[in-house]
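Below: one structure, written as structure tokens.
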Amino acid sequence: QAGCDITGLSAFTYTSNVTAYLQVSVKAGESISIPCLYDSQYENYLKYLCKGYYYRECTYAVKTNQPGQSGKYSISDDKKQRIFTVTIKKLNADQDSHYWCAVEIPGIWKDVKKTSNNLLLVLHQGPPSFYVVHQDITGFNGGNITIKFYSTQTGKIKWCKLGSECVTQPTGSIDGTRVSINESAHNVFTVTMSRVTTKSSGWYLCYKGDLQVPVHLTVNETFTPSKYNNSEPEICLYEYSTCIMIINALM
């Protein structure tokens with residue numbers, strides 16, 4: 001990455017309640033998708049994922065002008081939401097730990113890189129210390145959505161919509177939708193969003209302790225049955241998580 005420099009400015013805006021440093025717990029061999037929010041003036045600039053502990057020494061992993069050249073990485077840019085999403089597959093405990101989301105801004109003499117957030121992946125051979133079974137959740141307009149999280153972390157729970165508001169345990173609202181956080185069982189808690197609307201769609205971050213879990217929510221206008229539809233969240237998520245636990249036990 002010769003000919004690149006770094007400024008002290010940030011090309012990305014997180015609300016004061018949302019950290020620009022993400023630490024995500026993931027099982028080795030699994031995949032993870034990460035949302036990166038940017039300011040409107042950078043809508044048409046190249047975005048990329050950079051790999052390395054130090055930003056000055058990191059190397060390109062994937063760029064929006066070359067979104068699918070590598071089977072390990074993928075990237076997409078939602079210019080309407082001003083969020084680009086990176087996915088890292090088949091995570092390796094020895095190689096995948098530190099990443100950066102960034103925008104590249106062509107300059108007269110040099111290309112200037114501006115960074116959003118440092119991403120630290122905490123990889124485990126067994127179950128992660130804070131995770132959700134599915135990152136992508138689907139609901140329908142006017143319905144309730146409950147998302148189940150598994151965690152051995154301690155600390156207050158916080159639920160934030162990227163670029164918007166946060167709710168701290170136990171209740172609050174985001175974009176007019178009521179949010180309830182309930183720790184009903186040991187190492188398990190749920191986040192329930194009541195009477196969601198299409199405005200509720202987007203990326204969210206769930207916080208507990210020093211870890212975060214990104215979750216993407218899609219709210220459709222009408223009910224569309226699917227395997228992972230969350231209109232009956234307790235049944236759907238219990239069935240799928242039990243299946244995963246059995247597979248892990250047999251490996």
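A Stokes-Einstein calculation at 20 °C with viscosity 1.002 mPa s, built on the Kirkwood radius of the stretch 42-102 over Cα pairs, returns a diffusion coefficient of 177 µm²/s. Per-residue Karplus couplings for the stretch 177-189, computed as 6.51 cos²θ - 1.76 cosθ + 1.60 with θ equal to phi - 60°, are listed in order as 9, 6, 10, 10, 10, 10, 8, 8, 8, 5, 6, 9, 9 Hz, Gly and Pro entered as x. Which distance in Å, rounded to a whole number, links the C-alpha centroids of the stretch 45-85 and the stretch 133-159? Taking the Cα centre of the stretch 133-159 as reference, the centre of the stretch 45-85 is 26 Å away. A simple spin-label model places the labels of residue 156 and residue 44 4.3 nm from each other, with each point 7 Å out along Cα-to-Cβ. Summing Lys and Arg as +1 and Asp and Glu as -1 over all other residues whose Cβ lies under 14 Å from the Cβ of residue 209 gives a net charge of +1.
First check a/c for the stretch 99-220, with a ≥ b ≥ c the square roots of the eigenvalues of its C-alpha gyration tensor; if it is under 1.5, answer rounded, and if not, answer prolate when a/b is larger than b/c or oblate otherwise. Display every interim value, and only then the final one.
On the way: a/c = 2.30, a/b = 1.39, b/c = 1.65.
Because a/c hits 1.5 or more and a/b fails to exceed b/c, the stretch 99-220 counts as oblate.
Legend: residues 100, 159, sorted from most to least accessible area (1.4 Å probe; ligands, DNA and RNA excluded), read 100, 159.
Amide H contacts of residue 98: 52, 121, each under 5 Å away and 5 or more positions distant or on a separate chain (H built 1.01 Å from N in the peptide plane; Pro and chain starts excluded). Rounded to the nearest whole Hz, the Karplus-based 3J(HN,Hα) values (6.51 cos²θ - 1.76 cosθ + 1.60, θ = phi - 60°) of the stretch 50-61 follow the sequence 10, 10, x, 5, 9, 4, 5, 10, 6, 10, 4, 9, with x at glycine and proline.
Packing around the peptides 135-141, 215-221, taken as the average count of other Cβ atoms within 10 Å per residue, puts them in this order, highest first: 135-141, 215-221. 3J(HN,Hα) along the stretch 118-132: 8, 10, 10, 9, 9, 9, 10, 6, x, x, x, 7, 7, 7, 10 Hz, from the Karplus curve 6.51 cos²θ - 1.76 cosθ + 1.60 with θ = phi - 60°, whole Hz, x for Gly and Pro. In terms of accessible area, using a 1.4 Å probe and ignoring ligands and nucleic acids, 204, 131 rank largest first as 131, 204.
Look at the Cα gyration tensor of the stretch 23-172: its axes a ≥ b ≥ c give a/c of at least 1.5 with a/b at or below b/c, and that counts as oblate.
Taking the mean number of other Cβ atoms within 10 Å as a proxy for protection, how do you rank 163-171, 143-151 from highest to lowest? List each step's numbers first, then the result.
Values: 163-171: 16.2, 143-151: 20.4.
Ranking, from highest mean packing down: 143-151, 163-171.
Amide H contacts of residue 164: 15, each under 5 Å away and 5 or more positions distant or on a separate chain (H built 1.01 Å from N in the peptide plane; Pro and chain starts excluded).
The values are calculated or read from the model by the stated rules, or taken from the named source; none is laboratory data. All of these numbers come straight from a predicted model, not from anything done at the bench. Note that we place each Cβ from the backbone using ideal geometry, even for glycine, and neighbour counts take in every protein chain shown. Surface accessibility is based on the protein's heavy atoms, side chains included, excluding ligands, DNA and RNA. Shrake-Rupley method; radii C 1.70, N 1.55, O 1.52, S 1.80 Å.
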